[in-house]
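Novice: Let me give you the structure first, and then I'll get to my questions.
Each value in this text was obtained by applying a stated rule to the coordinates, not by laboratory testing. Not measured: the values here are computed from a predicted model. Glycine gets a Cβ as well: all are built from the backbone with ideal geometry, and neighbour counts include every protein chain shown.
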């Protein structure tokens, strides 16, 4: 498994951290789903990014709940080669980004993602833990990136997992 250690000042918007953004982009290829897209578009050289964000002020292709989008995608039999999974990392972060709207369906979303990713496709997960998609859902970890934000900020743990 490849391991990368980055130091990067924290930013409310994950991909406003240039080193982290570059690391994620290096694993993106083919048809890419950015499920909690936020403000910053990825610079994808080998594919196309489909952006989903519940906030109508964000630059997204779909302004809807991430879970509802995944359910819609399953119904349409659409598959992606890469999925970027960068949800708010905890309840406080969800409230900071989305106000009073509760964003709490992550486990349900993870349970459905195997249905919309191509065999051999990759899911890039970002958060405060290294659970990711896990072997129980049919994934193997191929890369991990630990991002130290300095001071008393939590590190960000980034995983790349491949569907077996």
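Novice: Over the chain, calculate the relative contact order: mean separation of alpha carbon pairs under 8 Å at least 6 apart, over the residue count, as a percent.
Specialist: In percent, rounded to a whole number, it is 24.
Novice: While we're looking at this one, here's another question. Taking the Cβ of each residue in 86, 152, 61 as the centre, tally the other Cβ atoms inside 10 Å and list the residues starting with the fewest. Show your work: numbers first, answer last.
Specialist: On the way: 86 21, 152 5, 61 14.
Starting with the residue having the fewest Cβ neighbours, the order is 152, 61, 86.
Novice: Could you tell me the center-to-center distance, by alpha carbons, between the range 1-79 and the range 146-164 in angstrom?
Specialist: 15 Å
Novice: Evaluate the distance, in nm, between pseudo-label points positioned 7 Å from the Cα of residue 68 and of residue 152 along their respective Cα→Cβ axes.
Specialist: 3.9 nm
Novice: What distance in nm separates the simple spin-label points at residue 5 and residue 130, each placed 7 Å from Cα in the Cβ direction?
Specialist: 1.3 nm
Novice: Could you give the length gained by full extension between residue 43 and residue 118, i.e. 0.36 nm per residue of separation minus their alpha carbon distance, to one decimal place? Could you put the intermediate results ahead of the total?
Specialist: Details: separation 75, 0.36 × 75 = 27.00 nm, distance 2.14 nm.
Length gained between residue 43 and residue 118: 24.9 nm.
Novice: Using a 7 Å offset from the Cα along the Cα-to-Cβ direction at both residue 29 and residue 13, what is the distance between the two label points in nm, to one decimal?
Specialist: Taking the two extended label points, one gets 2.9 nm.
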